[in-house]
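The values are calculated or read from the model by the stated rules, or taken from the named source; none is laboratory data. Just so it is clear, the structure is predicted and the values come from calculations on it, not from any experiment. Here the Cβ positions follow ideal geometry from the backbone for every residue, glycine too, while neighbour counts run over all protein chains shown.
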Amino acid sequence: MFLARKLVLAHFWVAFVAFLGAILLGEWQMFIRSPLAQWVNNPEHYYRSVTAHGTVMAYVLPTLVAMGFGYAITELSLKRPLLGLRWAWLGFWVVIAGTVLAAIAMGLGKASVLYTFYPPLIGSPFYYLGVVLVVVGSWVWVALMSVNLHAWRRDNPGATVPLAMYGTVAGAYLWAWTSVGAAVEVLVLILPASLGLTDTINAGLSRVFFSWTLHAIVYFWLIPAYVAFYSIVPRAIGGRLYSDTMGRVAFALFLVFSMPIGIHHLFADPQVGAGFKFVHAAMTALVSVPTLLTVFTIVASVEIAARLRGGKGVFGWLTALPWRNPMMLAVTFSFIMLGLGGAGGIINMSYQLNETVHNTQWVTGHFHLIFAGAIVIMYMVVAYDMWPQLTGCAPLQSGLVRLQLWLWFLGMLVLSLPWHWVGLLGMPRRMAYYDYSHPALHPQAWTVTASTFGGLAMVVSAILFVLILARAQRRPGPAPATYTFSQPLHPGARPPAALNGYALWVGMMIALTLVNYGYPIVQLAMLDNARVPVVPIGSR
C-alpha cells in the first residue's frame, strides 16, 4: 500500500502550481523587454518579477519535486511504509510557510534582490527568513531519507540498496552539504544587516559563501532527473538498464565533484585570488564525467530497448525505438538540451573564455537549457509516469502529452538559442530595458522578439501540463499495477561495497569543499577593509 500518496501529491501540486505562476512572470519579463511592448517605466517592477521567478524556480519547484519524488521512491523501491510520515508533513508545511513568507515580501516590493541575494543590496528580513524556512523544511526530508535507508539496511543486512534509492539519498546528502553555504551567508551575514543590527556587510565573503551553494544546487536539481534516467526510462520504453553499477558511479561522482567548483562563478570578482579560480575551473571540468557516463549508459539502455523490439544494424535500431512513447520523446529532448547547455557550460568554466560571456545573455541561455530544459522536462514525465500510481487515474492521453513535450522542447530552443547569440555580442543579462532604436541594438531586436514567442510556447506547454494532470486526476481508472523500476541487463550482480554506501564519497565531498573554500573564506573573513555599506531596498 502506498501510504505516502497524499504527501507526494501535495508536494507535486504545490510545486507545479508555483511553477506555472513563475513561468508567467518569466514570459512577462521577456515581453516588456521586447520591441513588442511599451516599457513599464519602473525598473523595480521588473526586478521584483525576476526575484520571484528565480526564487520559485531555484528553490521552491526543485525542492518540492525532490522531496515528493524522494518520498515516493522510499516506499516504492524499499517496499515498506515511509517512516516518519508526520515529520514529512511537518517539513512540507515548513516549506509552504517559508514560500508564503518570501512571496509576501517579494509581492510588496521589499525583496527585489534576485534569487542570488545580491549583497550589499539588502531586502526585507521576511524574504530571507522565508528562504531559510524552505531550506529547513528540506532538511527534514534529508533526515528522513537517511533514517528510512538506515532502517531498511538494518532489516536487510548485506542487501543491495535499490538504485533509485541510492541516487535519491545521494541527492539528499549533496543538498544537505551544499545548502550550508547559503544558510551561513543568510544567517551570519545578510540577516543581521537586514534586521538593522549592522550597517555594513562583507559582500565578497557573502558571494563566496553563496558560490558554495550556487553551482552544486544545479546537481541537486538534476539528480531527480538522473534517477528517472536510470530507474524509469529503460522500463518505460520496454528495455533494460545497461549498467546498474555505472549509475551508482555517476551518483557517487556527483557527490565528489559537484561541490568544490562554485568559485568559477566569481572569475570577474577581485576578492578571490587567481589560484583558487584556476583550481575551481579545473575541478569544474571533472563534473562532466558523471554526465558523460550517464549519457553513454542511457543511450546503451535505449539501444537495448530498440533491439528487443527487433531493431537491426549499426543505426537501423533507431527506427525501432518507440517514438510515440512520451518517455522516449522526453529523454531525447532532455539529452539534446543537456548537450547544448553543457557545451555552453564548457565556455563558462574556462578561466579565459569566461571573460567573453561573463554576465551576458549567454549565461541566461546556458542555465535555462540545463534547468528549464533538460531537468524540468524530466520532472514532467516523472509526474506523468507516477500519476496513475498516485491518483488511481486512467492512463493519460499520450497524444496530449506528446504535444505538451514538443511545445516545451521547441519553445526552449527558440527562447534560449538567441540568448547565446546576443551574449556573444555582449548583451548584458538582468537588464530591465533595452533601447532598440539605438543603431547598435536595433539589429538585435529580433532576438528578444523570438525569445518572447519561445517563452509563449513554453507558457502554453506549462498550462497544458497542469491541465493534463488535473483532468487525469478527475478520471478514475482501474487499480494501478504494482509500480516497478528498471531492471538491469544483468540482474543479481552485486555492486562493490563502496557503491552500496556513502561514507567514502561524503568524506571526499566534505574534504574537497574545505580544501577549495577554506582559505578564501578565512582570508576574506579576516580582511578589515572588506566590509561595505549595505543598500536597503528602496534607497537606491
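Modelled with pLDDT under 95, within 26 Å of the chain's Cα centre (by Cα), under 30 Å from Ser77 (Cα atoms) and among the hydroxyl-bearing types (Ser, Thr, Tyr): is that true of Tyr502 in this structure? It is false that Tyr502 is modelled with pLDDT under 95, within 26 Å of the chain's Cα centre (by Cα), under 30 Å from Ser77 (Cα atoms) and among the hydroxyl-bearing types (Ser, Thr, Tyr).
Within the stretch 104-134, the residues that satisfy the criterion of being touching a residue at least 24 places away in the same chain (Cβ under 8 Å), aromatic (Phe, Trp, Tyr) and outside any helix (DSSP H, G or I) are Tyr115, Phe117.
Kindly check whether there is at least one residue in the stretch 398-421 that is closer than 30 Å to Arg5 by Cα, among the polar types (S, T, N, Q) and more than 24 Å from the chain's Cα centre (by Cα). For the stretch 398-421, residues closer than 30 Å to Arg5 by Cα, among the polar types (S, T, N, Q) and more than 24 Å from the chain's Cα centre (by Cα): present.
Any idea which of Ala252, Ala176 is at pLDDT 95 or above, assigned to a helix (DSSP H, G or I) and within 20 Å of Leu61 (Cα to Cα)?
Details: Ala252 fails: within 20 Å of Leu61 (Cα to Cα).
One residue alone meets the criteria, Ala176.
On the basis of being without any contact (Cβ under 8 Å) to a residue 24 or more places away in the chain, surrounded by fewer than 17 Cβ atoms within 10 Å (Cβ to Cβ) and not basic (Lys, Arg), does Ala282 make the cut? For Ala282, the condition - without any contact (Cβ under 8 Å) to a residue 24 or more places away in the chain, surrounded by fewer than 17 Cβ atoms within 10 Å (Cβ to Cβ) and not basic (Lys, Arg) - is met.
Within the stretch 313-331, the only residue that satisfies the criterion of being surrounded by fewer than 14 Cβ atoms within 10 Å (Cβ to Cβ), part of a loop (DSSP other than H, G, I, E, B), touching a helix residue (DSSP H, G or I) at 6+ places or on another chain (Cβ under 8 Å) and not aromatic (Phe, Trp, Tyr) is Arg324. Among the residues of the stretch 76-103, those identified as surrounded by fewer than 21 Cβ atoms within 10 Å (Cβ to Cβ) and assigned to a loop (DSSP other than H, G, I, E, B) are Lys79, Arg80, Pro81, Leu83, Gly84. Restricting Gly426, Gly411, Gly454 to those that are under 22 Å from Val363 (Cβ atoms) and assigned to a loop (DSSP other than H, G, I, E, B) reduces the list to Gly426.
Identify the residue in the stretch 174-188 that is surrounded by fewer than 22 Cβ atoms within 10 Å (Cβ to Cβ) and not small (Gly, Ala, Ser) and, among all such residues, is farthest from Tyr128 (Cα to Cα). First the steps, then the outcome.
Step one: of the stretch 174-188, the residues surrounded by fewer than 22 Cβ atoms within 10 Å (Cβ to Cβ) are 176-177, 180, 183-184, 187-188.
Narrowing the set further to residues that are not small (Gly, Ala, Ser) leaves 177, 180, 184, 187-188.
On the way: Trp177: 19, Val180: 14, Val184: 12, Leu187: 9, Val188: 12 Å.
Restricting to residues being surrounded by fewer than 22 Cβ atoms within 10 Å (Cβ to Cβ) and not small (Gly, Ala, Ser), the top hit is Trp177.
Among the residues of the stretch 350-375, those that are surrounded by 19 or more Cβ atoms within 10 Å (Cβ to Cβ) and touching a Pro at 6+ places or on another chain (Cβ under 9 Å) comprise Thr360, Gln361, Gly365, Phe371, Ile375. The single condition among (1) within 19 Å of the chain's Cα centre (by Cα); (2) within 25 Å of Arg235 (Cα to Cα) that Ala159 does not meet is (1).
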